1. Among 197, 158, 102, pick out the residue whose Cα is farthest towards the positive end of the charge dipole of the range 45-198, where Lys and Arg carry +1 and Asp and Glu carry -1 on C-beta, about the Cα centre.
2. On alpha carbon coordinates alone, what is the Rg over Rh value for the range 18-147, Rh being the Kirkwood radius?
3. Looking at this model, which pairs from 273/354; 30/275; 275/354 are more than 30 angstrom apart at the alpha-carbon?
4. Determine the shape class of the range 330-480: with a ≥ b ≥ c the square roots of the Cα gyration tensor eigenvalues, call it rounded for a/c under 1.5, and otherwise prolate if a/b is greater than b/c, oblate otherwise.
5. When only alpha-carbon atoms are used, what values of Rg and Dmax, in angstrom, describe the range 153-210?
6. In nm², what is the average projected area of the convex hull enclosing the Cα atoms of the chain?
7. Can you give the log10 of the normalised intensity I(q)/I(0) at q = 0.14, 0.24 Å⁻¹, computed with Debye over equal Cα scatterers of the range 318-415?
8. Could you compute how fast the range 404-478 diffuses translationally, taking Rh as the Kirkwood radius over C-alpha pairs and applying Stokes-Einstein at 20 °C with viscosity 1.002 mPa s? Give it in µm² per second.
Amino acid sequence: MSTNESASAQSAAAQPAAARATLASWIQSKRQNYYDTDTDLQAVLSYYLGADSLAKERPQLSAFGAESATILDDLIRENNRDEHLPVLRRYDSIGRRMDEIIFHPSYVEIGRLAYRTGAMSRYAQPGQERIQLAYCYLLAHHGEGGHLCPFACTAGLIKIVQARGDEALKARLLPGLLHTDRTDPQHYHGAQFLTELQGGSDVGQNAVIARRDGDAWRISGEKWFCSVIDADLYLMTARPEGAPSGTAGLGAFVVPRLLADGTPNGVHIRRLKYKLGTRSMASAEADFHDALAWAVGDPASGFKAVVEVVLNTSRVYNAIAACGMMRRAELEATSYAAHREAFGHKIASFPLVKRTLSRITTERRNAVAGTFGLIALADQISLGQADDTVRAVFRLVVNMNKYFTAIRCTDVIRQAIEVLGGNGAIEDFSVLPRLLRDSIVIEAWEGTHNVLCAQILRDLQKLQLHRAFFSFVKARAKSQSVLDQLARCEQQTETLLLSSAEEAALAIRDVVDQLMPLWQRVCVEESLPSA
């Protein structure tokens, strides 16, 4: 080989080595404390909590932010490998039915770190969701992560037992649900099973039957989409024998997965769902055969309680998951653009890349401000400090916000993948493909877009919730441009409500797509005035 050929060969080898070193530097740069580096989150929490309250919580938030960026990132990446996903074991070694879900050890460790933050135990006192959901936001940097759905389900179960359960049920369930040690046998985590094959969003078609058995009940029937099938406690809807049809006849019940002696409680798992996303969290189809259950409050008003308490809680958690995923997409894209070179320049300097990154940041900032603005209302309600206007605004925005943040989350992640180019499609190159798959799942959870928008339309028509919404927003508007935007939204909403039923049904999504940016803008001006 000639000297020139040798030099060329060395140069050819050096270039990939330099590029690989740059990528290694990029990977290391991302392992920064998710709380300490998120000045917007800090500003929002400071606004809604007050500087003194946030200062008391800051050390623990910072510690979890550091764990999330390092230990949890490694664990969740490992847990989501195909060979480490949950497995159903139906029978034990001598053929007894057990229907047990087997998880990789990484899943257990993720849960231990997540629950010890106290995100669930803080429900012992009202008014804690602004802090609780800050921890969920940090966990959501990894997508659903196997435990965000259990968090949401457990939170909903805690709240409905607190609100509607009798003292005996509270004593039986709350100590375990509020327990912070996920590995302790005394700890409980929850699930909620509403969907049946013939019903879907049409919950009034549900056919699972509840039969009274002394002070308890027996549940029989099939549930079609059972996320967190490994949960200790299932919150379920079922129709007491002789109850009317439709949602009015549905009661709310808690079903333990295991009986007191550790044997299965008549729960037969048909199969685990083979899902597009949220794959490390076990979802299943299940049959219930005379499963022991306890009623939550009066079965005659069970479904109303599930909607008002449980579904609304899950919709807030769904939105915070979208916010966390958007923030992680922003971190991936901006850090990559700052390291990656093309045509002799960092790609962050290219105008179109700059615009994409700016859009990602703006969408994430709007979603975080709007969602924590909603959470602040939830805390007001739980503390008994809310008036009729606040309750009306919460009822409207909780549905609009779930829909809008889910839509924007998927779009933000797709834009981040575009910044990474072909590398963005590689599963083990970055977290983005997993985030995209999870984002599509959270679009469908807790009500599809069309179902939520249809509910919003009914609430506008029947309850006139827009009047409270516009009054609330107007009182907080800080600029003339926001007032102008509000006036346009008022006119568009009044036009909608004067339309025919079919025209209104077709137009409602367009109206929500205008109302939500207005809500987000007001929340940004309040909590992030320097944004």
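Bear in mind these aren't lab numbers, they're just calculated from the coordinates by the rules spelled out. These figures come from a predicted structure and were not determined experimentally. FYI the Cβ positions are ideal-geometry reconstructions off the backbone, even for glycines, and counts take in every protein chain you see.
1. 158
2. 1.09
3. The pairs that break the limit, which is 30 Å between Cα atoms, are 273/354; 275/354.
4. Prolate.
5. So, for the range 153-210, Rg and Dmax equal 14.2, 38 Å respectively.
6. In nm², the orientation-averaged hull projection of the chain is 29.4.
7. Rounded to two decimals, the profile gives -0.59, -1.12.
8. In µm²/s, the coefficient is 143.
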